[in-house]
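Nothing in this text is a laboratory measurement; each read-out follows from the coordinates by a stated rule. Computed from a predicted structure; not experimentally measured. Because the Cβ atoms are built from the backbone with ideal geometry, glycine has one as well, and the counts that use them run over all protein chains shown.
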Amino acid sequence: MTALVAPAQLDVTGRRSFVTRMIFGPREAVLIGLIVVLMIIMWFIEPRFLALANLRAILIGSAMEMVLVVGVVFLMVGKMFDLSLDGVINMVGVVAGLLMVGGVPWPIACAAALAAGAGIGLINGICTTTLNMNPLMTTLATWWIARGIAFGLTQGISPYGFPQQFVDIGYSRLAGIPIVYYYALAALVIGALVLAFTKYGYDTFAVGGNRLASRLRGIPTRRVTMTAFLVLALLAGFTGLVYAARLNAATPQAAVNVNLRVIAAAVIGGCALAGGRGTVIGGVLGVLFVSLLLSSTLVLGIDGVWQYTILGGVILVAVGADALAAKVRGQEDLE
Amino acid sequence: MKIPEVLFSFRNMRKSFGSVEALRDGSIDIRPGYCHAIVGDNGAGKSTFLKLIAGAEVPDGGTEIGPNGQEVRITSPQDAMELGIATVYQNLALAENRSVAENVFLGNEPRRFGMIRRREMEERAAVALRKITTRDIPIGALVSNLSGGQRQAVALSRAVVDETKTVVLLDEPTAALGIQESRHVLDAIRGLRDTGMGVVMISHSLAHVFEVADDITVFRAGRVTAFLQRAETTPDEVVSYITGLAGAGDTEEDS
Ligand SMILES: Nc1ncnc2c1ncn2[C@@H]1O[C@H](COP(=O)(O)OP(=O)(O)OP(=O)(O)O)[C@@H](O)[C@H]1O
Ligand SMILES: [Mg+2]
């Protein structure tokens, strides 16, 4: 019998295949290499780039995006997509801010605002599963709905001046380390473990690989997708609270293009629109890479307005490299 | 050892999709250690009938009898799997970008405290595959990189990966496969039957049917028009039932 499987695919125990696809593979290694190279280049051009203060600023600025990307990775592995993040972030921040300024105790204000955010996630989930609507169009619509609510409620006047305990959500330190780092670390560890080792993680990969086959094998495909949308909306809502706490004000423009940056990071980190692919570590490395790249362009004196042109180019390169690699392997992606 | 005569008996099953009466009257007995072929023209209701047994669709009516003669109700894929029925759908069985082992267990992975038992999964998948095929299929390979026959072997091994399955349903298991690959799959089907499982196979290839089937049920326009024993019939007779030249008097022909 001839060998029908390419030698590179021979993996008798499956151990390597499992680790590289679900935890840490070549893609993640390349990203770490790129991050190191980028830092070395920047160190030659502008040594101050590597100054602790600058790196710290980059890290703090991207910590919540690392939290968000974990949710996005789950969604994209399950072959779904969410543009509404920005809207949810801003809406939840504004709702919580208005309630607090109106005299509602901060924990209740936060809970109510998160519930509103979860509502958007629920709409996303119901539309895309029960009603079988296109996720791009659905979440584009809910993005604008949430955005509109944030702007409508503030009417141009942003609430500010929140209770100290609320501000602590974004500003306190634990053992001298800013609390947002703990959020990012928790999201990374929990997300990576759930995706690679639990039934939910396996179901997510299965749904992304073949939704119908998954349903016929008894996987609750709707619940899997619904959960992913809901968790992501809650992560976005939490991010909205943190942003509001850090600004000590809630503006409908606290998050701008965060959705695009995070989706870009997930794609650079190995997620595919076709679903069934991606790792949590890859997504977090993607956020790190995107943040470093964007801030190095600023350090290089490139005007901030060019950020997204550069980011768009990077996404094209990342997706293009994938397509090229697939072609070289002789297997074109069906989607 | 007492082996039941009949594992499952499905009687007068019906299913409509809107105004389309896909299945008007479908019946079958599934016997352990026998391969039962379902044949019939395109649109005769064969797949619909199989989906009712597999729990992929909910029947509009009919009687479902389980191994001990008691009535059962299959309304979801889980129901069927819990009753020991494994199903292999052509083309829509496997999740791409997942490994062989992951696909063998898809949705039913062994786990403890919610965590997947990876090692157990891989070992059992390898054992199951060896029962199905003599060829080496690396269990870590992505199914996207396998040939059609190998993919079918992966789907088939779901039927033997745990001992609880007594019936395996196959919808056109050899369609779109080459001669060699078909041969491997037919060997696997014989293997399943010889272990005492009840095999139900839909096929358009009478050559394959006559090679592995013991019983043959013919569907036409949503109804069973003939039940034949392979040993006592000929391909010509089967064809005449499929096309309606024989047995037409037994059914009300609608145009
Ligand atoms: N989900 C569905 N919705 C609407 N109509 C359906 C559905 N599934 C099947 N049908 C219709 O029911 C009839 C029987 O279909 P079925 O797939 O059971 O036939 P089949 O015997 O398997 O045919 P083939 O040999 O072509 O696979 C066909 O007319 C088909 O169009
Ligand atoms: Mg069919």
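Details
- Note: relative contact order over the stretch B:143-241, using C-alpha pairs below 8 Å and six or more positions apart, is 22 percent.
- Cα-based equivalent ellipsoid, the stretch A:186-335: semi-axes from gyration tensor eigenvalues, Å: 30, 24, 12
- Rounded to the nearest angstrom and listed largest first, the equivalent-ellipsoid semi-axes of chain B from its Cα gyration tensor are 31, 20, 17.
- Residues in the stretch B:162-188 reached by a label modelled at B:Glu123 [backbone nitrogen below 16 Å; 7 Å Cα→Cβ]: B:162-163
- Against the main long axis of the alpha-carbon atoms of chain B, helix B:118-132 sits at an angle near 50°.
- A cut-off under 12 angstrom between Cβ atoms defines the neighbours of B:Ser9, and their net charge, with Lys, Arg +1 and Asp, Glu -1, is -2.
- Cross-link table A:Lys327/B:Lys131; B:Lys15/B:Lys165; B:Lys46/B:Lys165, entries beyond 32 Å C-alpha to C-alpha: A:Lys327/B:Lys131
- Extension gain (nm, one decimal) between B:Ser240 and B:Thr195, 0.36 nm per residue minus Cα-Cα: 12.9 nm
- Chain A: equivalent-ellipsoid semi-axes (sqrt of 5 x gyration tensor eigenvalues, Cα, Å): 34, 26, 17
- The label point for B:Ala207 and the one for A:Leu324, both projected 7 Å from the Cα toward the Cβ, are 4.6 nm apart.
- DSSP assigns beta bridges within chain B; of those with both partners inside it, close to 50 percent run antiparallel.
- Between B:Ile179 and A:Arg15, the FRET efficiency estimated from the beta carbon spacing at R0 = 41 angstrom works out to 0.70.
- Residues in the stretch A:201-221 reached by a label modelled at B:Asn91 [backbone nitrogen below 15 Å; 7 Å Cα→Cβ]: A:212-213
- Under the convention that each Lys and Arg Cβ holds +1 and each Asp and Glu Cβ holds -1, the size of the dipole of the stretch B:27-243 around its Cα centre is about 620 debye.
- Placed amide H near B:Val72: partners under 5 Å, 5+ positions off or other chain: B:Glu64, B:Ile65, B:Gly66
- Angle between chain A longest axis and helix A:85-101 axis [Cα atoms, degrees, rounded to 10]: 20
- Estimated inter-spin distance, A:Ile40 and B:Arg130, nm [label 7 Å along Cα→Cβ]: 4.8
- Partners of B:Lys51 within straight-line reach, counting aspartates and glutamates whose Cα lies under 19 Å from its Cα and excluding those fewer than 8 residues away in the same chain: B:Glu21, B:Asp25, B:Asp29, B:Asp41, B:Asp60, B:Glu64, B:Glu71, B:Asp79, B:Glu82, B:Asp171, B:Glu172.
- Note on A:Leu298/B:Arg112: beta-carbon distance plugged into 1/(1 + (r/R0)^6) with R0 of 56 Å gives a FRET efficiency of 0.70.
- Using just its DSSP H runs of length 4 or more, each adding -39500 (n - 2.57), chain B gives a mean residue ellipticity at 222 nm of -8500 deg cm²/dmol after division by all residues.
- Reachable aspartates and glutamates from A:Lys199, criterion Cα separation under 16 angstrom, eight or more residues apart if same chain: B:Glu102, B:Glu109, B:Glu120, B:Glu122
- Short-range pairs are left out: with C-alpha atoms under 8 Å and at least six residues apart, the relative contact order of the stretch B:27-243 is 33 percent.
- Sequentially through the stretch A:279-289, phi angles give Karplus couplings (6.51, -1.76, 1.60; θ = phi - 60°) of 9, 5, 4, x, x, 5, 4, x, 4, 4, 5 Hz, Gly and Pro residues having no value and appearing as x.
- Among beta bridges that DSSP assigns inside the protein assembly as shown, antiparallel share in %, nearest 5: 55
- Given R0 = 41 Å, the distance between the Cβ atoms of A:Arg56 and A:Leu131 translates into a calculated FRET efficiency of 0.35.
- Calculated from backbone phi, Karplus (6.51, -1.76, 1.60) coupling profile of the stretch B:171-179 in Hz, x at Gly/Pro: 9, 6, x, 10, 5, 6, 9, x, 5
- Inter-site label distance for A:Ile157 and B:Gln78 at 7 Å from Cα along Cβ, in nm: 5.3
- Dividing the summed -39500 (n - 2.57) terms of all DSSP H runs of n ≥ 4 by the residue count of chain A sets its mean residue ellipticity at 222 nm at -24000 deg cm²/dmol.
- Residues whose placed amide H lies under 5 Å from that of B:Met197, excluding near-sequence neighbours: B:Gly33
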